[in-house]
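Structure, as structure tokens:
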Amino acid sequence: MSFVQKVLAAVDQGDLTSAQALLQKAFQQDTDDDLYALAEALNQRGISDQAALIYQHLLDKYPQEDILKVNLAEILVSNNQMDAATDLLAQISEDSPAYLNALLTSADLYQSMGLYEVSEQKLLTALKIAPQESVVQFAMAELYFTENKFQLAITFYEKLLAAQITEMAGISIHERLAASYAGTGNYEQAVQQYRQVQAALLNTDNLYNYARLEYELHNYSAAKRLVQQLLQQAPDYSAAYVLAVRLANQQHDFATAVKMAQLGLNYDPFNQLLYQMGAKAAVQLGSLATAQQLLTTGISQVSEPGALIMQLSDLFLRQNDHTANLKLLDQYQTTLAQEPRYHWNKARSLFQQEHVDDALQEMLLVYQTYQADPNYLRDLIQILQVVQKPQLLKNALQKYLHYVPDDSAMVELLDELQFSDEN
């Protein structure tokens, strides 16, 4: 057995220390062709540092072999040694047999640095040299996909599929094409691509995206099946619980919606959306205590609980628990001072506790925000009737009736005010 073979055997057994020692002996006794094959094999196994040592060893002996420069540069790029990689690639001339490989590696280098325009120029040059080369087409597609230029990416992914190429570099072309179609808003085409791949071969992100698209297309049974499969594979996939809650709500299965929200929060206790959706489903179910518990827990967990606080405030108002509502809003006054709904909700409880002047003050603070909202105007009118502000009351009534002209009680109240003015 050659030392090259012994190196590979040691690597496959996980004995990297022995592999390193055996590599030094391979440098001394094995042929350069065998060493090159060893470097390729190590690179494929992810043992890139040792592969780089071999390429450098061979490059020292054969400094004109450009393919060695390209192979070494690829490893340097993956190790974020951009300057060293650039120096190697710059040594390769346009008439070199390795020039196309150098262009592809250079494109990868500049893409890693976020220099997408430079990367694109390298790939366009490669495309002129080898317009039918699948590796080049794939690189073009991946660059445009990374830049969210989905329509351009679609063009190249479709060329690959037309050539019967469904996978490259461990990436499913159908999956990429599906994501690209989704990025352009063409959900039906995206789903068609996902359906070309066995669901068992989809990773968790792809399963989620597939399920979300089926949901957007109202294919709820398919979406539910995919979510179930996803959660079997990855029970801690937080976004899947959000989709599961949405699916349950769509079917008016509020008990399941609450259950899925609670399960998801066991894995992700900082997911504000699950608290919100779970509490909303609990209210639909009539389980106000569960809704309150979810919202209270969420307020203590998330970094920006404003939306949860207001949802809990709405719940207290629903229960006519104005003492609890005012206590909550006072506790978070600093957090919510710039939230218009805070002042409206506070005014409603102040009014019910007969703090009418304070209620009116809170309502007027947000008049500009809510003056086109009939519900707000109705609450304002109720307060203005008590504080005896006839002109403000008349203005509020006129504005309200502009939006709800067939409210007979309000029409009658405005008529009474106008009759009083006339007499």
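Please report the spacing between the Cα centers of segment 194-232 and segment 258-275 in Å, no decimals.
Result: 20 Å between the Cα centres.
Please work out how much length the chain gains when fully extended from Gln338 to Thr184, using 0.36 nm per residue of separation minus the C-alpha to C-alpha distance, in nm with one decimal. Mind showing how you got there, number by number?
Numbers: separation 154, 0.36 × 154 = 55.44 nm, distance 3.67 nm.
Gain on extension, Gln338 to Thr184, equals 51.8 nm.
Just the Cα atoms of segment 53-140: what Rg and Dmax do they give in Å?
Here Rg and the maximum Cα pair distance are 12.6, 36 Å.
Counting only other residues whose beta carbon sits under 10 Å from that of Tyr237, what net charge do I get with K and R as +1, D and E as -1?
Working: positive: none; negative: Asp205, Asp236, Asp268.
Around Tyr237, the surrounding residues sum to -3.
Hey, how many Å between the Cα centroid of segment 26-58 and the Cα centroid of segment 347-368?
With segment 26-58 and segment 347-368 each reduced to a Cα centre, they are spaced 78 Å.
In the set (1) 0.93; (2) 1.52; (3) 1.10, which value of Cα Rg over 2.2 N^0.38 Å was calculated from the structure you see?
Working out Cα Rg over 2.2 N^0.38 Å from the coordinates points to (2).
Rounded to the nearest 0.05, what FRET efficiency is calculated for Glu167 and Ala372 with R0 set to 60 Å and r the Cβ-Cβ distance?
Values: r = 55 Å, r/R0 = 0.91.
With R0 = 60 Å, the Cβ-Cβ based efficiency is 0.65.
Find out how many positive minus negative residues lie around Pro340, taking Lys and Arg as positive, Asp and Glu as negative, among other residues whose Cβ is under 12 Å from that of Pro340. List each step's numbers first, then the result.
Working: positive: Arg341, Lys346; negative: Glu339, Glu362, Asp373.
Charge balance in the 12 Å sphere: -1.
Angle, helix 99-112 long axis vs. longest principal axis of the chain, Cα atoms, 0 to 90°, nearest 10?
Tilt relative to the chain: about 30 degrees.
Mind running the shape call on segment 203-333? Use the C-alpha gyration tensor, a ≥ b ≥ c as the square roots of the eigenvalues: rounded below 1.5 for a/c, prolate if a/b tops b/c, oblate otherwise.
Working: a/c = 2.81, a/b = 1.95, b/c = 1.44.
Prolate is the answer for segment 203-333, as a/c is 1.5 or above and a/b outweighs b/c.
Below 8 Å between Cα atoms, with a sequence gap of 6+, how large is the relative contact order for segment 1-112 in percent?
Values: 99 pairs, mean separation 18.2, N = 112.
About 16 percent, as a whole number.
Take every Cα pair under 8 Å in the chain that's 6+ residues apart, average their separations, divide by the length, and report that relative contact order as a whole percent.
Values: 459 pairs, mean separation 18.5, N = 423.
Across the chain, relative contact order equals 4 percent.
Working from Cα positions, state the angle (0 to 90°, nearest 10) between the long axis of helix 238-250 and the longest principal axis of the chain.
The angle comes out at about 40 degrees.
Taking H placed 1.01 Å from N in the peptide plane, check which residues at least 5 places from Glu167 or on another chain put their amide H under 5 Å from its amide H.
For Glu167, the qualifying residues are Ile173.
Suppose we look only past 12 Å in the calculated P(r) of segment 212-251. What percent of the Cα-Cα pairs does that tail hold? Can you show the working numbers first?
Details: 404 of 780 pairs.
The calculated P(r) of segment 212-251 puts 52 percent of pairs beyond 12 Å.
Can you work out the accessible area per residue across the chain, with the rest of the protein chains kept in place, probe 1.4 Å, in square angstrom? Display every interim value, and only then the final one.
Working: 22210 Å² over 423 residues.
Per residue, the chain has an accessible area of 53 Å².
Out of every Cα-Cα pair in segment 165-266, what percent are more than 17 Å apart?
So the pairs more than 17 Å apart make up 51 percent of the total in segment 165-266.
Roughly what angle does helix 173-183 make with the longest principal axis of the chain, taking Cα atoms, 0 to 90 degrees, to the nearest 10?
30 degrees
The values are calculated or read from the model by the stated rules, or taken from the named source; none is laboratory data. Since the structure is predicted, the reported quantities are computational estimates derived from the model, not experimental observations. Cβ atoms come from the backbone with ideal geometry, glycine included; neighbour counts cover every protein chain shown. Note: accessible area is taken over every heavy atom of the protein model, side chains too, but ligands, DNA and RNA are not part of it. Shrake-Rupley method; radii C 1.70, N 1.55, O 1.52, S 1.80 Å.
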